[in-house]
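Presented below is the structure to which this report refers.
The values are calculated or read from the model by the stated rules, or taken from the named source; none is laboratory data. The structure presented is a predicted model; accordingly, all values stated were derived computationally and were not measured. Methodologically, a virtual Cβ is constructed for each residue, glycine included, from the backbone with ideal geometry; neighbour enumeration extends over all protein chains shown. Areas reflect the complete protein model, heavy atoms only, side chains present, ligands, DNA and RNA absent. Shrake-Rupley method; radii C 1.70, N 1.55, O 1.52, S 1.80 Å.
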Amino acid sequence: MVVHGGSPMPVEFTGSLKERVRFVVLLSSRLRPLSCPPARLWPLLSLTVLWKLVEKIVMPKPKRPTLVENKSSAPAKGMNWSFAAGTNLFPGLTAKIDRESKQKLNEFAKEIRSFSIVDMSGCNFGDDGLFFLAESLAYNQTLEEVSFAANGITAEGIKAFDRVLQSNIVLKTLNLSGNPIGDEGAKSLCDILVDNAGIEKLQMNSVDLGDEGAKAIADLLKKNSNLRVIELNNNMIDYSGFTSLAGAILENATVRSIYLNGNYGGALGANALAKGLEGNKSLWELHLQGNSIGDEGVRALMSGLSDSKAKLTHLDLGNNSISAKGAFHVAEYVKKSKSLFWMNMYMNDIGDEGAEKIAEALKQNRSLAIIDLGGNNIHAKGISEIAQVLKDNSVITTLEVGYNPIGPDGAKALSEVLKFHGNVKALKLGWCQIGAKGAEYIADTLKYNNTITILDLRGNGLRDEGAMCLARSLKVVNEVLTELDLGFNEIRDDGAFAIAQALKANEDVKITSLNLANNFLTKFGQSALTDARDHVYEMNEMEVNIVF
């Protein structure tokens, strides 16, 4: 408030900034205080009043914001789409990010419409993104396989598949692994898939599935005759869920592969599953790794498989607390099977006694080509029994016995047989404590063997001595070995030099992959290997992938 002509006058000016300043300057010449202070205070008071006036005029109060509802631009509730792994876009972020998200979704939609196989795993587009993409999926008549794994899809998002999968009859593989859809999402999906005639492979690994979800899957298998592969790995399915699935296996005549790795079936679950297997005629693959089924569970399971008319080709019993007692029941089944092609017993505890039982079964079996006995506490005695089988068995092509303390004597037992017998193409002896002496036996085998193409000797403490033994054999004509893994063996530059010279010297060497990672090589050893790699390419135009 100022005095103009002796009377109060409110000051309000709404012109431009330039006009406001001009007004203040003109006004200052006529400014007078309401009461006259001492003369010495007048300049200070004038400046103070003038500054307050400038503040009022030049910088007026901002206008009160008005609230306007704009439904078209209001952000959707919850999470918006994000396409960088591990990130999420929440309401309130910039419009630019929102535009980029929608642009990315449009690109995804174009992919769905254009390609027969689409992998959208780990994009985190969530439920909203799946609803956006559903239209493209519904009308595509070329897409046969799609992965929506790890996208933050919940039970709510599963509703996007309603009617979509009824319109799309071309899609054969649907991967929803790594999404927290839970039992409710599984139930919704199963309701949608009941009459679907396209999906043959359904992947629902790590989706927070429990017994109720497993029951929904079981009900689906009883009604849907088109599904061939069901993957339910790493969920929370217990005895009750196994019982439901067993009932479905008993009635279903079309499913070929069931994956239940990493669940909680236990002995009771295996027992229930066995009853379903007894009446099944269609199953080819059964994967039960990591279910703690134990000896009693495996006994019931092998009994059910023996009575079944199904021609099982793949059996996974890894990490199930099976001892020599359980190995006996497995061996009895292996003896009778004429279809089993692949068997995994990895990370159990069958020991030498169990290895002997498996060896006895392999003498009679003529179908099992790939066998994994790794991590079973097998020593030289047990591996010697397995080796003797290879004298007359030409069916076994892959033998995995890694993580067993077979030592140099075990390596010697294998070496003596594999020099001139068997048909083993992949020999895996990683972490078997064979040392430099064991490497010498294996190197001797390579001079004569004409079948081994893949050799894994990781973590055996070979050192330079063992590497040099292998190098001497590689100098001899070997036209078969293509992959050699020597990682974690305490090999230094001298060993690397020896191997490099062997690669240079043998013009017929066929090695295309050489792993020397996690050893003690300096730049000198690495340079020697690099030079050898370049030499092989110059001489034979063959690329050798060397890792160090």
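Near Val389, within a Cβ-to-Cβ distance under 11 Å, what is the net charge of the other residues, with Lys and Arg +1 and Asp and Glu -1?
Values: positive: Lys363, Lys391; negative: Glu356, Glu360, Glu385, Asp392.
In short, -2.
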## Note on the structure
Full extension between Ile169 and Thr512 adds, at 0.36 nm per residue less the Cα distance, a length in nm of 119.2 nm
### Message
Could you tell me the center-to-center distance, by alpha carbons, between segment 144-164 and segment 203-272 in angstrom?
### Response
20
### Mean separation of Cα contacts under 8 Å (6+ apart) over length of segment 90-206, as relative contact order %
23
### Query
Over the Cα atoms of segment 424-536, what Rg and Dmax result, in angstrom?
12.5, 36
#### Entry: Listed peptides 537-546, 308-317, 107-116, 202-211 by packing density, highest first (mean Cβ within 10 Å)
202-211, 308-317, 107-116, 537-546
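Of all accessible surface on segment 301-424 at a 1.4 Å probe, what whole percent is carbon and sulfur?
Details: 2240 of 4720 Å².
That share works out to 47 percent.
Suppose R0 equals 45 Å. What FRET efficiency, 1/(1 + (r/R0)^6) with r the Cβ-Cβ distance, do Ser306 and Asp195 give to the nearest 0.05? Before the final figure, lay out the partial values.
Working: r = 36 Å, r/R0 = 0.80.
That pair, Ser306 with Asp195, gives E of 0.80.
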### Task
Once you have the Cα-Cα distance between Phe420 and Arg472, take 0.36 nm times their residue separation minus that, and quote the gain in nm to one decimal.
16.8 nm
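What does the charge count around Lys201 come to, taking other residues whose C-beta lies under 13 Å from its C-beta (Lys +1, Arg +1, Asp -1, Glu -1)?
Working: positive: Lys172, Arg228, Arg256; negative: Glu144, Glu145, Glu200, Glu231, Glu285.
The answer is -2.
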### Where segment 333-484 is the region considered: accessible area per residue in Å², 1.4 Å probe
39
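Keeping the other protein chains in place, figure out the carbon and sulfur percent of the accessible area of segment 469-548, with a 1.4 Å probe. Walk me through the intermediate numbers first.
Working: 1850 of 4040 Å².
Carbon and sulfur together cover 46 percent of it.
With Cβ to Cβ distances under 11 Å as the rule, what net charge do the other residues near Glu231 carry (K, R +1; D, E -1)?
Values: positive: Lys201; negative: Glu285.
Summing Lys and Arg as +1 and Asp and Glu as -1 gives 0.
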### Query
Mean 1/r over all different Cα pairs, inverted: what Kirkwood radius does segment 235-298 give, in Å?
11.4
### segment 336-488 - percent relative contact order, Cα under 8 Å, separation 6 or more
18
### Query
R0 = 25 Å: FRET efficiency of Thr398 with Ser116, Cβ-based, nearest 0.05?
0.20
### Task
Enumerate the calculated ³J(HN,Hα) couplings along segment 380-386 in order (Karplus 6.51 cos²θ - 1.76 cosθ + 1.60, θ = phi - 60°), each rounded to whole Hz, writing x wherever the residue is Gly or Pro.
4, 4, x, 6, 5, 5, 5
#### Entry: Protein accessible area in segment 109-186, 1.4 Å probe - carbon and sulfur %
51
### Inter-part distance where segment 424-448 and segment 277-343 are each reduced to a Cα centre, Å
31
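Output the pairs from Lys357/Lys391; Lys311/Lys428; Lys159/Lys222; Lys428/Lys504; Lys381/Lys437; Lys187/Lys222 with a Cα-Cα distance over 20 Å in this structure; if there are none, say none. Numbers along the way, then the final one.
Numbers: Lys357/Lys391 17 Å; Lys311/Lys428 28 Å; Lys159/Lys222 22 Å; Lys428/Lys504 26 Å; Lys381/Lys437 17 Å; Lys187/Lys222 14 Å.
Long pairs (Cα-Cα over 20 Å): Lys311/Lys428; Lys159/Lys222; Lys428/Lys504.
Among rounded, prolate and oblate, which fits segment 145-189 when a ≥ b ≥ c are the square roots of the eigenvalues of its C-alpha gyration tensor, a/c under 1.5 means rounded, and a/b larger than b/c means prolate?
Numbers: a/c = 2.28, a/b = 1.34, b/c = 1.71.
Judged from the Cα gyration tensor, segment 145-189 comes out oblate (a/c at least 1.5, b/c at or above a/b).
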